[in-house]
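This report refers to the structure that appears directly beneath it.
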Amino acid sequence: MIEPNFWLFLAAAVLIAAIPGPGIFYVAARTLSEGRASGYASTAGTALGGLVHVVAGSLGISAIILASAELFAAVKFVGALYLVWLGIKTFRNAGRALSLAGEPIGDKRAFRDGVLVEALNPKTAAFFLAFIPQFLDPAGSNPTLQFIVLGAISVALNTLADVVVVLMASATRAQLIGRPHLMRRLTQSSGVFIAGLGLSLALARRPANG
């Protein structure tokens, strides 16, 4: 990979990671509703889900999904339904948010949810296929490895941004922990927001060049 090309990629990847997107909002909502541990678990899960897209993109699997209207719709609606279900469950469990915070089983569930939410988002696959190939060195060897390396760096930067968001969201939650009524409203709002992310995904269109 040409060195100037790499630094251009890094600058673009840092900028993209700093721009709030659905992943950041999802992690923030989980942190506000369930606590810092759940936020970190969600962050780790979305990172692994992002790596799934990186590997799938490098192997051409993502291109196949994006090229098929049926496959794209299937993945999109499964991911959307899962987000809506998570949102409804978060809303309904708002009254138990404080008692459930920090439980190990909850953190494991948050990690699993993060993996599925990210891995079932075809918009992430479309992003990697549109973004990373611009910075590959056509004269270099093993373009698949180049794709995976750049994709992993992009995921790492996004994860770092998510960690910062978790710290900020958990600080906000700590200020409200002694006010059960406000905490319940905050958790309910987080559930509504997560469900809204699902509805937004359901309305997403397949890229024109898919």
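Residue by residue, segment 115-121 carries 3J(HN,Hα) couplings of 4, 5, 4, 6, 5, 8, 9 Hz when phi is fed to the Karplus relation 6.51 cos²θ - 1.76 cosθ + 1.60 (θ = phi - 60°); x denotes Gly or Pro.
Across the chain, the mean sequence separation of Cα contacts (distance under 8 Å, 6 or more residues apart), normalised by length, yields a relative contact order of 43 percent.
As a check on your grasp of the helix formula, calculate [θ] at 222 nm for the chain: sum -39500 (n - 2.57) over DSSP H runs of n ≥ 4, divide by the residue count, round to the nearest 500.
-27500 deg cm²/dmol
Surface composition of the chain: carbon plus sulfur atoms hold 71% of the accessible area, using a 1.4 angstrom probe and ignoring ligands, DNA and RNA. Ranked by solvent-accessible area (1.4 Å probe, protein heavy atoms only, all chains present), the residues LYS76, LYS89, LYS123, LYS108 order from largest to smallest as LYS108, LYS123, LYS89, LYS76.
By the Stokes-Einstein formula, at 1.306 mPa s and 10 °C, segment 100-174 with its Kirkwood radius over alpha-carbon pairs has D equal to 106 µm²/s. Near LEU176: Cβ cut-off under 15 Å, other residues only, Lys/Arg at +1 and Asp/Glu at -1. The net charge is +4. Heavy-atom accessible surface of LEU203, to the nearest 10 Å², is about 140 Å², with a 1.4 Å probe and all protein chains retained. Above 27 Å, the calculated P(r) of the chain contains 33 percent of its Cα-Cα pairs.
The values are calculated or read from the model by the stated rules, or taken from the named source; none is laboratory data. For clarity, every value in this text was computed on a predicted model and none was experimentally measured. Cβ coordinates were reconstructed from backbone atoms using ideal geometry, including for glycine residues, and neighbour counts include every protein chain displayed. What goes into the accessible areas is simple: the full protein's heavy atoms, side chains included, and nothing from ligands, DNA or RNA. Shrake-Rupley method; radii C 1.70, N 1.55, O 1.52, S 1.80 Å.
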